[in-house]
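Each remark here refers to the structure printed beneath this line.
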Amino acid sequence: MDEPATRALLAELGRSLFARGFSVGSAGNISVRLPDGYLMTPTNSSLGRLDPARIAKLDDDFRHIDGDPPSKEVFMHRAMYRGRAAAGAPVGAVVHLHSTMATAVACLPDIDPTNPIPPLTPYFVMRVGRAMPVIPYYRPGDAAMEPAIAAAAEGARAMLLANHGPVVSGKTLTDAVYAAEELEEAAKLFLLLRTSAPRLLTPSQVDDLLTTFQ
Ligand code: 13P
């Protein structure tokens with residue numbers, strides 16, 4: 001996909017996420033890897049009204065080179081790309097949302113911070129993977145979050161930022177958006193089932209999914 005098509009797809013998927021309430025106000029940001037750098041949503045922009053021509057362009061070192069100023073969460077995105085690459089699993093896009101259910105889980109004090117949402121459904125496992133840790137709270141835009149996210153990204157495709165929201169990666173922009181949507185649904189199921197003892201996918205069912213749909 002060339003850069004104009006990627007810009008158009010970013011605006012289209014942002015509009016779709018916003019229309020369905022995955023993002024409100026100017027919350028959330030999305031980035032995509034290009035052959036010569038990255039596209040990133042501008043800071044303070046609404047995912048529902050992105051202008052493809054004004055999306056920020058960054059070079060390979062995440063320096064702003066064109067378009068509106070990028071999201072203040074550039075460190076978060078950079079950490080995810082670098083952490084996944086260090087793990088030998090480079091990614092093509094990163095989606096950060098404040099989606100309600102995933103953020104609710106990120107506010108619970110009594111969850112397992114190494115993996116709060118168990119393997120409830122195949123698509124959560126297929127899109128998000130085996131583990132999704134919770135990262136301690138950092139102020140939005142705080143560069144200090146970068147080492148924590150990069151370290152977690154070496155072992156996970158997605159994570160929750162405590163009291164803030166999910167950060168999700170994918171091989172492509174569409175993959176990353178689909179994973180963010182599956183994470184939100186899994187968080188909803190987790191909260192719905194919190195007082196029950198649901199049947200979970202077994203370790204061998206999880207292994208089968210991850211081997212079959214890698
Ligand atoms: P930006 O508007 O700078 O992208 O920040 C929004 C956000 O979601 C902060 O976490």
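The values are calculated or read from the model by the stated rules, or taken from the named source; none is laboratory data. Note that this is a predicted model, so its numbers are computed, not measured. Cβ placement follows ideal geometry from the backbone for every residue including glycine, while neighbour counts extend to all protein chains displayed.
Listed values, structure above:
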item: Every residue from region 1-30 that is more than 10 Å from the ligand (Cβ to nearest atom), within 16 Å of Gly165 (Cβ to Cβ) and small (Gly, Ala, Ser); result: Gly14, Gly21
item: In region 126-144, the residues that are in contact with a helix residue (DSSP H, G or I) (Cβ under 6 Å, 6 or more places away or on another chain), of a type outside the set (D, E, K, R) and surrounded by 17 or more Cβ atoms within 10 Å (Cβ to Cβ); result: Met126, Val128, Pro133, Ile135, Tyr138
item: Unmet criterion (only one of (1) within 15 Å of Ile55 (Cα to Cα); (2) crowded, with 24+ Cβ neighbours inside 10 Å) for Ser23; result: (1)
item: Count of residues meeting criterion [within 16 Å of the ligand (Cβ to nearest atom), in contact with a strand residue (DSSP E or B) (Cβ under 6 Å, 6 or more places away or on another chain) and in a loop (DSSP other than H, G, I, E, B)] in region 70-113; result: 4
item: Failed condition for Asp208, given (1) surrounded by fewer than 17 Cβ atoms within 10 Å (Cβ to Cβ); (2) over 22 Å from Asp112 (Cα atoms); (3) within 18 Å of the chain's Cα centre (by Cα); result: (3)
item: Candidates Phe22, Phe62, filtered to the one that is part of a loop (DSSP other than H, G, I, E, B) and closer than 15 Å to Val168 by Cα; result: Phe22
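Conditions tested, residue by residue: (1) of a type outside the set (A, V, I, L, M, F, W, C); (2) in a helix (DSSP H, G or I); (3) surrounded by 14 or more Cβ atoms within 10 Å (Cβ to Cβ); (4) modelled with pLDDT under 95.
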site	(1), (2), (3), (4)
Asp175	yes, yes, yes, no
Ala179	no, yes, yes, no
Leu183	no, yes, yes, no
Leu189	no, yes, yes, no
Arg199	yes, no, no, no
Ser204	yes, yes, no, no
